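**Q** What follows is a single structure, and I will ask about it in a moment.
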Amino acid sequence: MAVLCLGLAACKKENQIQPETTLFEQKLNNKAATGSAQAIATGFPEDFESGSKTSYTTASITLSSGSWSLNDALIGNLAADAKNGSQSVRIRNTGILSMNFDVNGADVVSVAHAKYGTDATSTWQLWYSTNSGSSWQQSGSTVTSSATTLSTITFNTAISGNVRFQIRKISGGTARINIDDFSISTGGGTTTPPTTTTPGDNSHLLLGNPSNAVASTSYPENYLMERTYYTSSYSKSRATPNWVSWHIGSSDLGSASRQDDFRADNTLPSGWYQVSNSSYSGSGFDRGHNCPSADRTSSVTANSSTFLMSNMMPQAPNNNQGPWADLENYTRSLVTAGNEVYVICGSYGSGGTGSNGGTTYTIDNGRVNVPSNTWKVIVVLPNGNNDLNRITSATRVITVNMPNTNGLNTNWKTYRTSVNSIETATGYDLLSNVPVAIQNAIESITDNQ
(Lines give C-alpha, C1' and ligand atoms only; values in the text may rest on other atoms or scores of the structure.)
Protein backbone atom coordinates (compact mmCIF):
# COMPACT_ATOMS: atom_id res chain seq x y z
CA MET A 1 0.00 0.00 0.00
CA ALA A 2 2.59 2.46 -1.17
CA VAL A 3 2.32 6.05 -2.35
CA LEU A 4 2.58 6.77 -6.07
CA CYS A 5 5.49 9.10 -6.78
CA LEU A 6 7.44 8.49 -9.99
CA GLY A 7 6.60 11.93 -11.36
CA LEU A 8 2.85 11.29 -11.31
CA ALA A 9 0.19 13.18 -9.41
CA ALA A 10 0.57 12.81 -5.66
CA CYS A 11 -1.69 10.24 -4.04
CA LYS A 12 -3.71 10.40 -0.89
CA LYS A 13 -2.38 8.01 1.71
CA GLU A 14 -3.40 7.94 5.36
CA ASN A 15 -2.97 11.53 6.63
CA GLN A 16 -1.23 12.90 3.53
CA ILE A 17 -3.01 15.60 1.56
CA GLN A 18 -3.99 14.88 -2.03
CA PRO A 19 -3.67 18.16 -3.96
CA GLU A 20 -5.54 16.92 -7.01
CA THR A 21 -9.01 15.37 -6.88
CA THR A 22 -10.20 12.72 -9.29
CA LEU A 23 -12.60 13.66 -12.08
CA PHE A 24 -15.42 11.99 -10.16
CA GLU A 25 -14.63 14.02 -7.03
CA GLN A 26 -14.46 17.22 -9.10
CA LYS A 27 -17.91 16.48 -10.48
CA LEU A 28 -19.32 15.93 -7.03
CA ASN A 29 -17.66 19.08 -5.69
CA ASN A 30 -19.42 21.05 -8.40
CA LYS A 31 -22.80 19.79 -7.22
CA ALA A 32 -24.79 21.20 -4.33
CA ALA A 33 -25.70 18.79 -1.57
CA THR A 34 -29.39 19.67 -1.44
CA GLY A 35 -32.33 20.05 -3.76
CA SER A 36 -33.08 18.45 -7.10
CA ALA A 37 -34.38 19.71 -10.41
CA GLN A 38 -33.98 17.56 -13.48
CA ALA A 39 -34.78 17.86 -17.16
CA ILE A 40 -34.68 15.11 -19.77
CA ALA A 41 -32.01 15.55 -22.44
CA THR A 42 -33.32 16.50 -25.89
CA GLY A 43 -34.32 13.43 -27.87
CA PHE A 44 -34.62 11.23 -24.80
CA PRO A 45 -35.92 8.86 -23.63
CA GLU A 46 -34.63 6.93 -26.62
CA ASP A 47 -37.26 4.25 -27.26
CA PHE A 48 -35.58 2.69 -30.34
CA GLU A 49 -38.87 2.82 -32.25
CA SER A 50 -37.68 5.00 -35.16
CA GLY A 51 -34.82 2.92 -36.58
CA SER A 52 -34.29 -0.42 -38.28
CA LYS A 53 -31.33 -2.80 -38.08
CA THR A 54 -31.86 -6.51 -38.65
CA SER A 55 -28.27 -7.77 -38.59
CA TYR A 56 -25.76 -8.21 -35.75
CA THR A 57 -23.03 -6.79 -37.99
CA THR A 58 -21.53 -3.60 -36.55
CA ALA A 59 -23.20 -0.50 -38.01
CA SER A 60 -24.50 2.91 -37.00
CA ILE A 61 -28.15 3.91 -37.33
CA THR A 62 -29.96 7.21 -36.82
CA LEU A 63 -32.60 7.21 -34.10
CA SER A 64 -34.76 9.98 -32.67
CA SER A 65 -32.01 11.06 -30.24
CA GLY A 66 -29.10 10.83 -32.70
CA SER A 67 -26.68 8.32 -34.23
CA TRP A 68 -26.02 5.09 -32.33
CA SER A 69 -23.52 2.31 -33.06
CA LEU A 70 -24.71 -1.28 -32.63
CA ASN A 71 -21.92 -3.86 -32.39
CA ASP A 72 -23.16 -7.47 -32.23
CA ALA A 73 -26.57 -5.91 -31.69
CA LEU A 74 -29.73 -5.21 -33.68
CA ILE A 75 -33.17 -3.65 -33.38
CA GLY A 76 -35.48 -6.48 -32.32
CA ASN A 77 -39.20 -6.69 -32.93
CA LEU A 78 -39.95 -10.38 -32.36
CA ALA A 79 -42.38 -11.76 -29.82
CA ALA A 80 -39.46 -12.89 -27.64
CA ASP A 81 -37.96 -9.38 -27.52
CA ALA A 82 -38.78 -7.65 -24.23
CA LYS A 83 -39.93 -4.17 -25.26
CA ASN A 84 -42.16 -1.21 -24.56
CA GLY A 85 -43.80 -0.55 -27.91
CA SER A 86 -42.84 -2.54 -30.96
CA GLN A 87 -39.01 -2.48 -30.80
CA SER A 88 -36.01 -2.64 -28.51
CA VAL A 89 -32.29 -3.29 -28.87
CA ARG A 90 -31.15 -6.92 -28.74
CA ILE A 91 -27.49 -7.56 -27.83
CA ARG A 92 -25.60 -10.88 -27.87
CA ASN A 93 -22.10 -12.15 -26.94
CA THR A 94 -20.09 -9.11 -25.76
CA GLY A 95 -21.90 -6.63 -27.97
CA ILE A 96 -22.00 -2.89 -27.42
CA LEU A 97 -24.73 -0.27 -27.88
CA SER A 98 -23.04 3.13 -28.07
CA MET A 99 -24.01 6.77 -28.58
CA ASN A 100 -22.07 8.46 -31.39
CA PHE A 101 -22.92 11.91 -30.02
CA ASP A 102 -22.64 13.91 -26.80
CA VAL A 103 -25.22 15.45 -24.52
CA ASN A 104 -24.51 18.36 -22.19
CA GLY A 105 -24.43 16.90 -18.72
CA ALA A 106 -26.02 13.80 -17.21
CA ASP A 107 -27.15 13.63 -13.61
CA VAL A 108 -29.13 10.41 -13.89
CA VAL A 109 -29.31 7.68 -16.55
CA SER A 110 -32.08 5.09 -16.54
CA VAL A 111 -32.25 1.97 -18.69
CA ALA A 112 -34.98 -0.66 -19.15
CA HIS A 113 -33.54 -4.16 -19.52
CA ALA A 114 -34.44 -7.85 -19.61
CA LYS A 115 -33.12 -11.11 -20.99
CA TYR A 116 -34.32 -12.20 -24.42
CA GLY A 117 -36.98 -14.91 -24.40
CA THR A 118 -35.82 -18.10 -22.72
CA ASP A 119 -32.11 -17.25 -23.01
CA ALA A 120 -29.82 -17.63 -20.02
CA THR A 121 -28.93 -14.79 -17.66
CA SER A 122 -26.39 -12.19 -18.82
CA THR A 123 -24.62 -9.22 -17.26
CA TRP A 124 -23.89 -5.79 -18.67
CA GLN A 125 -22.44 -2.43 -17.69
CA LEU A 126 -23.02 1.27 -18.38
CA TRP A 127 -19.89 3.13 -19.55
CA TYR A 128 -19.36 6.80 -20.33
CA SER A 129 -16.90 9.01 -22.19
CA THR A 130 -16.24 12.71 -21.65
CA ASN A 131 -13.82 13.05 -24.59
CA SER A 132 -16.03 12.12 -27.55
CA GLY A 133 -15.35 8.41 -27.25
CA SER A 134 -11.54 8.48 -27.06
CA SER A 135 -11.62 6.66 -23.72
CA TRP A 136 -14.33 5.21 -21.52
CA GLN A 137 -14.95 4.34 -17.89
CA GLN A 138 -17.63 2.38 -16.10
CA SER A 139 -20.51 4.04 -14.26
CA GLY A 140 -21.98 2.20 -11.30
CA SER A 141 -22.01 -1.56 -10.86
CA THR A 142 -22.48 -4.52 -13.18
CA VAL A 143 -26.17 -5.28 -13.90
CA THR A 144 -27.70 -8.74 -14.24
CA SER A 145 -30.57 -9.32 -16.67
CA SER A 146 -32.41 -12.45 -15.56
CA ALA A 147 -36.10 -11.60 -15.99
CA THR A 148 -38.09 -11.86 -19.22
CA THR A 149 -39.97 -8.61 -18.59
CA LEU A 150 -38.38 -5.18 -18.66
CA SER A 151 -37.30 -3.52 -15.43
CA THR A 152 -35.64 -0.13 -15.10
CA ILE A 153 -32.33 0.51 -13.39
CA THR A 154 -31.07 4.00 -12.50
CA PHE A 155 -27.47 5.19 -12.46
CA ASN A 156 -26.58 8.35 -10.53
CA THR A 157 -23.89 9.67 -12.86
CA ALA A 158 -23.45 13.35 -11.80
CA ILE A 159 -21.51 14.29 -14.95
CA SER A 160 -21.21 17.88 -16.17
CA GLY A 161 -20.11 18.93 -19.66
CA ASN A 162 -20.18 16.81 -22.79
CA VAL A 163 -20.74 13.10 -22.26
CA ARG A 164 -21.89 10.04 -24.17
CA PHE A 165 -22.85 6.55 -22.98
CA GLN A 166 -22.70 2.94 -24.05
CA ILE A 167 -24.09 -0.39 -22.88
CA ARG A 168 -21.55 -3.23 -22.80
CA LYS A 169 -22.75 -6.80 -22.47
CA ILE A 170 -19.94 -8.60 -20.61
CA SER A 171 -21.14 -12.16 -19.96
CA GLY A 172 -23.65 -14.78 -20.99
CA GLY A 173 -22.08 -15.73 -24.30
CA THR A 174 -24.69 -16.14 -27.04
CA ALA A 175 -27.49 -15.48 -24.56
CA ARG A 176 -29.15 -12.20 -25.49
CA ILE A 177 -30.49 -9.18 -23.62
CA ASN A 178 -32.93 -6.44 -24.56
CA ILE A 179 -32.36 -2.74 -23.86
CA ASP A 180 -35.14 -0.15 -24.13
CA ASP A 181 -36.18 3.35 -23.01
CA PHE A 182 -32.71 4.79 -22.47
CA SER A 183 -33.19 8.09 -20.61
CA ILE A 184 -30.76 10.86 -19.60
CA SER A 185 -31.72 13.49 -17.02
CA THR A 186 -29.53 16.56 -17.40
CA GLY A 187 -30.48 18.42 -14.23
CA GLY A 188 -32.08 21.84 -14.22
CA GLY A 189 -30.30 23.08 -11.14
CA THR A 190 -28.67 21.24 -8.27
CA THR A 191 -28.84 17.62 -7.35
CA THR A 192 -27.89 15.32 -4.53
CA PRO A 193 -24.46 13.76 -5.05
CA PRO A 194 -24.63 10.03 -5.85
CA THR A 195 -23.21 7.45 -3.53
CA THR A 196 -19.75 6.27 -4.56
CA THR A 197 -19.90 2.57 -5.39
CA THR A 198 -17.22 -0.06 -5.82
CA PRO A 199 -17.09 -1.63 -9.30
CA GLY A 200 -19.04 -4.86 -9.55
CA ASP A 201 -17.93 -8.45 -10.00
CA ASN A 202 -15.66 -9.09 -13.02
CA SER A 203 -14.89 -5.37 -13.36
CA HIS A 204 -11.28 -4.85 -14.36
CA LEU A 205 -10.79 -2.34 -11.52
CA LEU A 206 -12.65 -4.31 -8.85
CA LEU A 207 -9.49 -4.49 -6.73
CA GLY A 208 -8.69 -0.81 -7.16
CA ASN A 209 -7.01 1.78 -9.39
CA PRO A 210 -3.31 1.27 -8.46
CA SER A 211 -2.11 4.76 -9.42
CA ASN A 212 -5.37 6.73 -9.22
CA ALA A 213 -5.16 7.06 -13.00
CA VAL A 214 -7.51 9.61 -14.56
CA ALA A 215 -9.02 9.72 -18.06
CA SER A 216 -7.78 13.25 -18.71
CA THR A 217 -4.92 14.60 -20.81
CA SER A 218 -4.00 16.66 -17.76
CA TYR A 219 -2.45 13.40 -16.52
CA PRO A 220 -0.32 12.30 -19.50
CA GLU A 221 1.89 10.02 -17.41
CA ASN A 222 -1.04 8.39 -15.60
CA TYR A 223 -3.74 8.35 -18.27
CA LEU A 224 -6.65 6.00 -17.59
CA MET A 225 -7.69 3.94 -20.61
CA GLU A 226 -10.92 1.99 -20.14
CA ARG A 227 -11.29 -0.89 -22.56
CA THR A 228 -14.00 -3.50 -22.88
CA TYR A 229 -11.51 -6.28 -22.19
CA TYR A 230 -8.97 -4.61 -19.87
CA THR A 231 -8.14 -1.29 -18.21
CA SER A 232 -4.77 0.44 -18.10
CA SER A 233 -2.77 3.44 -16.97
CA TYR A 234 -0.73 4.74 -19.92
CA SER A 235 2.43 6.84 -19.93
CA LYS A 236 2.76 9.29 -22.81
CA SER A 237 6.53 9.74 -22.39
CA ARG A 238 7.29 6.02 -22.02
CA ALA A 239 4.77 5.04 -24.74
CA THR A 240 3.86 1.93 -22.74
CA PRO A 241 1.32 1.12 -20.04
CA ASN A 242 2.31 1.72 -16.44
CA TRP A 243 -0.02 -1.13 -15.55
CA VAL A 244 -2.89 -3.13 -17.04
CA SER A 245 -5.69 -4.75 -15.01
CA TRP A 246 -8.21 -7.40 -16.07
CA HIS A 247 -10.45 -10.25 -14.92
CA ILE A 248 -10.40 -13.79 -16.33
CA GLY A 249 -13.38 -16.11 -16.02
CA SER A 250 -14.30 -19.25 -17.89
CA SER A 251 -16.40 -17.23 -20.37
CA ASP A 252 -13.26 -15.34 -21.46
CA LEU A 253 -11.59 -18.54 -22.67
CA GLY A 254 -13.08 -19.75 -25.94
CA SER A 255 -12.02 -20.91 -29.38
CA ALA A 256 -11.20 -17.65 -31.16
CA SER A 257 -7.83 -17.86 -32.88
CA ARG A 258 -4.89 -15.55 -32.29
CA GLN A 259 -5.41 -12.51 -34.53
CA ASP A 260 -1.83 -11.19 -34.65
CA ASP A 261 -3.19 -7.81 -35.83
CA PHE A 262 -0.62 -5.65 -34.04
CA ARG A 263 -1.59 -2.04 -34.72
CA ALA A 264 -1.33 1.54 -33.53
CA ASP A 265 -3.91 2.74 -31.04
CA ASN A 266 -5.71 5.60 -32.77
CA THR A 267 -7.83 6.31 -29.69
CA LEU A 268 -4.88 7.91 -27.90
CA PRO A 269 -5.36 11.64 -27.35
CA SER A 270 -4.70 13.93 -30.30
CA GLY A 271 -1.01 14.76 -30.69
CA TRP A 272 0.26 11.75 -28.72
CA TYR A 273 2.75 9.47 -30.46
CA GLN A 274 1.15 6.24 -31.65
CA VAL A 275 3.50 3.27 -31.44
CA SER A 276 3.16 1.27 -34.67
CA ASN A 277 3.24 -2.46 -35.37
CA SER A 278 6.83 -2.07 -36.67
CA SER A 279 8.18 0.17 -33.90
CA TYR A 280 9.90 -2.78 -32.16
CA SER A 281 11.38 -4.22 -35.37
CA GLY A 282 15.11 -4.98 -35.15
CA SER A 283 15.27 -3.86 -31.53
CA GLY A 284 15.91 -7.30 -30.04
CA PHE A 285 12.71 -7.04 -27.98
CA ASP A 286 9.33 -8.73 -28.40
CA ARG A 287 6.07 -6.87 -28.63
CA GLY A 288 5.15 -8.18 -25.19
CA HIS A 289 1.47 -8.25 -24.27
CA ASN A 290 0.38 -6.95 -20.89
CA CYS A 291 -3.13 -8.46 -21.18
CA PRO A 292 -2.34 -11.67 -23.09
CA SER A 293 -3.95 -12.72 -26.34
CA ALA A 294 -4.82 -16.15 -24.95
CA ASP A 295 -6.73 -14.59 -22.01
CA ARG A 296 -9.20 -13.16 -24.52
CA THR A 297 -10.38 -15.93 -26.83
CA SER A 298 -14.15 -15.60 -26.35
CA SER A 299 -14.44 -13.78 -29.69
CA VAL A 300 -12.36 -12.38 -32.51
CA THR A 301 -13.09 -8.88 -31.22
CA ALA A 302 -11.88 -9.77 -27.73
CA ASN A 303 -8.67 -11.30 -29.02
CA SER A 304 -8.00 -8.46 -31.44
CA SER A 305 -8.29 -5.91 -28.65
CA THR A 306 -5.12 -7.26 -27.04
CA PHE A 307 -3.02 -6.45 -30.12
CA LEU A 308 -3.24 -2.68 -29.76
CA MET A 309 0.31 -1.40 -29.31
CA SER A 310 -0.87 0.54 -26.25
CA ASN A 311 -1.12 -2.91 -24.58
CA MET A 312 2.52 -3.74 -25.37
CA MET A 313 5.88 -3.38 -23.65
CA PRO A 314 9.37 -4.09 -25.08
CA GLN A 315 10.07 -7.48 -23.54
CA ALA A 316 13.24 -9.57 -23.76
CA PRO A 317 12.36 -12.67 -25.84
CA ASN A 318 13.48 -15.13 -23.15
CA ASN A 319 11.37 -13.24 -20.62
CA ASN A 320 8.28 -13.01 -22.81
CA GLN A 321 8.49 -16.51 -24.29
CA GLY A 322 9.90 -18.19 -21.18
CA PRO A 323 8.74 -17.79 -17.56
CA TRP A 324 6.29 -14.98 -18.44
CA ALA A 325 4.46 -17.21 -20.94
CA ASP A 326 4.59 -20.15 -18.55
CA LEU A 327 2.92 -18.09 -15.84
CA GLU A 328 0.24 -16.96 -18.29
CA ASN A 329 -0.49 -20.60 -19.15
CA TYR A 330 -0.55 -21.55 -15.47
CA THR A 331 -2.99 -18.71 -14.74
CA ARG A 332 -5.39 -19.94 -17.40
CA SER A 333 -5.11 -23.47 -16.00
CA LEU A 334 -6.38 -22.11 -12.68
CA VAL A 335 -9.43 -20.73 -14.49
CA THR A 336 -10.19 -23.97 -16.31
CA ALA A 337 -9.87 -25.75 -12.95
CA GLY A 338 -12.84 -23.82 -11.54
CA ASN A 339 -11.41 -20.49 -10.45
CA GLU A 340 -11.64 -16.89 -11.61
CA VAL A 341 -8.68 -14.54 -11.35
CA TYR A 342 -7.98 -10.83 -11.18
CA VAL A 343 -4.68 -9.83 -12.74
CA ILE A 344 -2.65 -6.63 -12.57
CA CYS A 345 0.65 -6.44 -14.42
CA GLY A 346 3.09 -3.84 -15.63
CA SER A 347 6.67 -2.78 -15.96
CA TYR A 348 8.99 -0.23 -14.40
CA GLY A 349 12.50 1.19 -14.67
CA SER A 350 14.61 1.68 -17.78
CA GLY A 351 17.15 -0.58 -19.41
CA GLY A 352 16.73 -4.17 -20.53
CA THR A 353 18.79 -6.74 -22.42
CA GLY A 354 17.23 -8.20 -25.53
CA SER A 355 18.46 -10.63 -28.17
CA ASN A 356 20.93 -8.02 -29.51
CA GLY A 357 22.84 -8.01 -26.20
CA GLY A 358 23.92 -5.02 -24.13
CA THR A 359 21.59 -2.75 -22.18
CA THR A 360 18.96 -0.89 -24.19
CA TYR A 361 17.07 2.01 -22.65
CA THR A 362 14.82 3.07 -25.52
CA ILE A 363 13.79 1.85 -28.95
CA ASP A 364 11.95 3.40 -31.90
CA ASN A 365 14.36 6.35 -32.12
CA GLY A 366 14.01 7.07 -28.41
CA ARG A 367 10.24 7.15 -28.40
CA VAL A 368 9.55 3.89 -26.49
CA ASN A 369 11.05 3.14 -23.09
CA VAL A 370 12.53 -0.31 -22.45
CA PRO A 371 11.70 -1.36 -18.88
CA SER A 372 14.17 -2.98 -16.53
CA ASN A 373 11.52 -5.17 -14.87
CA THR A 374 8.18 -6.80 -15.61
CA TRP A 375 5.79 -7.70 -12.79
CA LYS A 376 2.42 -9.32 -12.23
CA VAL A 377 -0.07 -9.84 -9.37
CA ILE A 378 -2.73 -12.58 -9.62
CA VAL A 379 -5.60 -12.92 -7.11
CA VAL A 380 -7.22 -16.38 -7.27
CA LEU A 381 -10.83 -17.02 -6.23
CA PRO A 382 -13.09 -20.07 -6.62
CA ASN A 383 -15.92 -19.27 -9.03
CA GLY A 384 -18.67 -17.38 -7.28
CA ASN A 385 -20.28 -14.00 -6.63
CA ASN A 386 -19.53 -10.99 -4.42
CA ASP A 387 -15.87 -11.36 -5.29
CA LEU A 388 -14.50 -8.49 -3.21
CA ASN A 389 -16.22 -9.81 -0.10
CA ARG A 390 -14.78 -13.28 -0.70
CA ILE A 391 -11.16 -12.15 -0.50
CA THR A 392 -9.75 -13.17 2.88
CA SER A 393 -6.37 -13.42 4.52
CA ALA A 394 -6.20 -16.97 3.15
CA THR A 395 -6.81 -15.97 -0.49
CA ARG A 396 -4.02 -17.05 -2.81
CA VAL A 397 -2.09 -14.17 -4.37
CA ILE A 398 0.69 -14.92 -6.85
CA THR A 399 3.19 -12.10 -7.41
CA VAL A 400 6.26 -12.12 -9.65
CA ASN A 401 8.98 -9.61 -10.53
CA MET A 402 11.18 -10.56 -13.48
CA PRO A 403 14.25 -8.73 -14.82
CA ASN A 404 13.75 -7.78 -18.46
CA THR A 405 16.76 -9.71 -19.68
CA ASN A 406 17.41 -12.63 -21.99
CA GLY A 407 19.15 -14.81 -19.38
CA LEU A 408 16.13 -15.79 -17.33
CA ASN A 409 15.57 -19.11 -15.62
CA THR A 410 12.60 -20.76 -17.34
CA ASN A 411 10.75 -21.54 -14.08
CA TRP A 412 8.43 -18.61 -13.26
CA LYS A 413 8.36 -19.66 -9.59
CA THR A 414 11.96 -18.44 -9.29
CA TYR A 415 10.71 -14.87 -9.53
CA ARG A 416 7.93 -14.98 -6.93
CA THR A 417 7.81 -12.11 -4.46
CA SER A 418 5.29 -10.17 -2.37
CA VAL A 419 2.81 -7.48 -3.36
CA ASN A 420 4.52 -5.18 -0.88
CA SER A 421 7.77 -5.48 -2.82
CA ILE A 422 6.06 -4.46 -6.06
CA GLU A 423 4.48 -1.50 -4.31
CA THR A 424 7.90 -0.45 -3.01
CA ALA A 425 9.41 -0.72 -6.49
CA THR A 426 6.61 1.07 -8.33
CA GLY A 427 4.97 3.38 -5.81
CA TYR A 428 1.53 1.93 -6.63
CA ASP A 429 -1.21 1.05 -4.13
CA LEU A 430 -2.27 -2.41 -5.28
CA LEU A 431 -5.47 -4.16 -4.10
CA SER A 432 -6.60 -0.85 -2.59
CA ASN A 433 -10.31 -1.82 -2.59
CA VAL A 434 -9.59 -4.79 -0.34
CA PRO A 435 -10.09 -4.06 3.39
CA VAL A 436 -6.84 -2.84 4.93
CA ALA A 437 -6.52 -5.68 7.45
CA ILE A 438 -6.79 -8.25 4.66
CA GLN A 439 -4.41 -6.26 2.47
CA ASN A 440 -1.83 -6.32 5.25
CA ALA A 441 -2.08 -10.10 5.41
CA ILE A 442 -2.06 -11.04 1.72
CA GLU A 443 0.35 -8.36 0.48
CA SER A 444 3.19 -9.42 2.75
CA ILE A 445 3.24 -13.10 1.77
CA THR A 446 5.18 -14.74 -1.05
CA ASP A 447 3.20 -17.56 -2.69
CA ASN A 448 4.72 -21.03 -2.24
CA GLN A 449 2.12 -23.35 -3.76
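The values are calculated or read from the model by the stated rules, or taken from the named source; none is laboratory data. As the structure is a prediction and not an experimental result, all values here were calculated from the model. Glycine gets a Cβ as well: all are built from the backbone with ideal geometry, and neighbour counts include every protein chain shown.
For (1) of a type outside the set (Asp, Glu); (2) assigned to a strand (DSSP E or B); (3) more than 19 Å from residue 152 (Cα to Cα); (4) at pLDDT 95 or above, each residue gets a yes or a no:
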site: 48; (1), (2), (3), (4): yes, no, no, yes
site: 51; (1), (2), (3), (4): yes, no, yes, no
site: 64; (1), (2), (3), (4): yes, no, yes, no
site: 73; (1), (2), (3), (4): yes, yes, yes, yes
site: 84; (1), (2), (3), (4): yes, no, no, no
site: 89; (1), (2), (3), (4): yes, yes, no, yes
site: 92; (1), (2), (3), (4): yes, yes, yes, yes
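**Q** Residue by residue through region 213-265, note down the ones that are in contact (Cβ under 8 Å) with a residue 40 or more places away in the chain and among the aliphatic types (A, V, I, L, M).
**A** 214, 215, 224, 225, 239, 244, 248, 253, 256, 264, listed by residue number.
**Q** What residue, among those in region 418-433 that are assigned to a loop (DSSP other than H, G, I, E, B) and at pLDDT 95 or above, is nearest to residue 392 (Cα to Cα)?
**A** Once the filter is applied, the top-ranked residue is 431.
**Q** Same structure, new question: Could you pull out the residue among 259, 274 that is in a loop (DSSP other than H, G, I, E, B), over 23 Å from residue 348 (Cβ atoms) and in the same structural domain as residue 341 (by TED's automatic domain parsing)?
**A** 259
**Q** Scan region 257-293 for residues that are touching an Asp or Glu at 6+ places or on another chain (Cβ under 9 Å) and either surrounded by 18 or more Cβ atoms within 10 Å (Cβ to Cβ) or of a type in the set (D, E, K, R) (or both) and jot them down.
**A** Listed by number, the residues that qualify are 275, 279, 280, 283, 289, 292, 293.
**Q** Here's another thing I want to ask about it. Residues to consider are 347, 355; find the one that is touching a strand residue (DSSP E or B) at 6+ places or on another chain (Cβ under 8 Å) and either of a type in the set (S, T, N, Q) or not in a strand (DSSP E or B) (or both).
**A** Unique residue meeting the criteria: 347.
**Q** Are there any pairs, at least 6 apart or on different chains, whose C-beta atoms fall under 6 Å, with the first in region 274-291 and under 18 Å from residue 234 (Cα atoms) and the second surrounded by 20 or more Cβ atoms within 10 Å (Cβ to Cβ) and small (Gly, Ala, Ser), and if so, which?
**A** Between residues of region 274-291 that are under 18 Å from residue 234 (Cα atoms) and residues that are surrounded by 20 or more Cβ atoms within 10 Å (Cβ to Cβ) and small (Gly, Ala, Ser), the close pairs are 275/239.
**Q** Take the residues in region 362-372 that are surrounded by fewer than 21 Cβ atoms within 10 Å (Cβ to Cβ) and touching a strand residue (DSSP E or B) at 6+ places or on another chain (Cβ under 7 Å), then tell me which one is nearest to residue 210 (Cα to Cα).
**A** 372
**Q** Given the options 341, 335, name the one that is surrounded by 15 or more Cβ atoms within 10 Å (Cβ to Cβ), aliphatic (A, V, I, L, M) and not in a strand (DSSP E or B).
**A** From the options 341, 335, the qualifying one is 335.
**Q** Between a first residue in region 100-113 that is more than 19 Å from residue 160 (Cβ to Cβ) and a second residue that is in a loop (DSSP other than H, G, I, E, B), which pairs have beta carbons less than 6 Å apart while being 6 or more apart in sequence or on different chains?
**A** From region 100-113, the pairs are 112/150.
**Q** Could you check region 354-377 and list, in sequence order, the residues that are closer than 24 Å to residue 274 by Cα, of a type in the set (Val, Ile, Thr) and in contact (Cβ under 8 Å) with a residue 24 or more places away in the chain?
**A** Once the filter is applied, which keeps residues that are closer than 24 Å to residue 274 by Cα, of a type in the set (Val, Ile, Thr) and in contact (Cβ under 8 Å) with a residue 24 or more places away in the chain, region 354-377 yields 360, 363, 368, 370, 374.
**Q** Please enumerate the residues belonging to region 434-447 that are assigned to a loop (DSSP other than H, G, I, E, B) and under 14 Å from residue 379 (Cα atoms).
**A** Within region 434-447, 434, 443, 444, 445, 446, 447 meet the criteria.
**Q** Name the residues in region 110-120 that are in contact with a strand residue (DSSP E or B) (Cβ under 6 Å, 6 or more places away or on another chain) and either under 12 Å from residue 148 (Cβ atoms) or of a type in the set (Lys, Arg) (or both), would you?
**A** Of everything in region 110-120, those that are in contact with a strand residue (DSSP E or B) (Cβ under 6 Å, 6 or more places away or on another chain) and either under 12 Å from residue 148 (Cβ atoms) or of a type in the set (Lys, Arg) (or both) turn out to be 113, 114, 115, 116.
**Q** Given the residues 308, 334, 327, which is the only one that is at pLDDT 95 or above, aliphatic (A, V, I, L, M) and under 17 Å from the mean Cα position of the chain (by Cα)?
**A** Answer to the selection: 308.
**Q** Something else: Limited to region 99-109, what total is found for residues that are in a strand (DSSP E or B) and either out of contact with any strand residue (DSSP E or B) (no Cβ under 8 Å at 6 or more places or on another chain) or surrounded by fewer than 23 Cβ atoms within 10 Å (Cβ to Cβ) (or both)?
**A** Of the residues in region 99-109, 4 are in a strand (DSSP E or B) and either out of contact with any strand residue (DSSP E or B) (no Cβ under 8 Å at 6 or more places or on another chain) or surrounded by fewer than 23 Cβ atoms within 10 Å (Cβ to Cβ) (or both).
**Q** Hey, another quick one. With region 207-253 as the region, which strands (runs of 3 or more DSSP E) entirely inside it contain at least 3 residues that are within 21 Å of residue 305 (Cα to Cα) and of a type in the set (D, E, K, R)?
**A** none
**Q** Right, another one. Quick check on my filter: what residues within region 368-408 are among the aliphatic types (A, V, I, L, M), over 23 Å from residue 323 (Cβ atoms) and assigned to a loop (DSSP other than H, G, I, E, B)?
**A** Within region 368-408, 391, 394 meet the criteria.
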